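A.B. asks: The structure that follows is given in the form of structure tokens.
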Amino acid sequence: LDLKNKDTHAISSDYLLDSNFSYKLHIGIFAYGGYENGKCYILRNITRISNLLNISKSTIRNKIKGYFEEIILNKDGNIEYIENIEPINSVIISTNELEIIKILSEMEIRLFIFLKSFSSDEIIGQTQKKILENIGYSSNSKSNEKTLRDSTSKLKELGLIETKLFSDGIKKYIIYYKK
């Protein structure tokens, strides 16, 4: 069940619009849990996951309900085993990318998965408003706009994406490039 023995991971992009879904938790389970038969996650200790991700145990229990096929609790009531629902749409990320994004914020992770979900390595025509709406955030919030700009900068700083500014004479766009 060693994560290092797995080179790539299929991360569902099905929940980008669902603000109740926690990609941070999902990524954390991949990073700190394990695999069995290529699609199962093993949570040996919910307290460890809670501490590593700085997410309360009750939040973890609430956030995974409905997103997994099977949850088995041990005698202490801790989640011991959960089986992922097969994603309809997913992006493939490397173990190296997983190691980087597991420490990121929810918006940074969602932005990364959103950009990875495009078939092209060059993503053109995405306004802040479109991106926010496509990753489950309100586009009417100035705070979200700032957080999105900060998230873009963080992904660039970590070498996960590149960007270039483009203007059509009316609006300015950022062209995103996957790495």
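A.B. asks: When ligands, DNA and RNA are left out and all protein chains stay put, how many square angstrom of accessible area per residue does the stretch 77-177 have with a 1.4 Å probe?
C.D. replies: 52 Å²
A.B. asks: Which links in Lys146/Lys178; Lys57/Lys142; Lys154/Lys178; Lys129/Lys164; Lys102/Lys156 stretch past 24 Å when you go from one Cα to the other?
C.D. replies: Lys57/Lys142
A.B. asks: To continue, here is another question. Efficiency by 1/(1 + (r/R0)^6): what FRET value for Lys156 and Thr59, r their Cβ-Cβ distance, R0 = 35 Å, to the nearest 0.05?
C.D. replies: Result of the calculation: an efficiency of 0.75.
A.B. asks: Separate question: Taking the highest mean first, how do the peptides 119-125, 106-112, 165-171 order by number of other beta carbon atoms within 10 angstrom per residue?
C.D. replies: For the peptides 119-125, 106-112, 165-171, the packing ranking is 106-112, 119-125, 165-171.
The values are calculated or read from the model by the stated rules, or taken from the named source; none is laboratory data. Computed from a prediction, not measured in an experiment: that's the story for all the values here. Cβ: placed from backbone, ideal geometry, glycine included. Neighbour counts: every protein chain shown. Note: accessible area is taken over every heavy atom of the protein model, side chains too, but ligands, DNA and RNA are not part of it. Shrake-Rupley method; radii C 1.70, N 1.55, O 1.52, S 1.80 Å.
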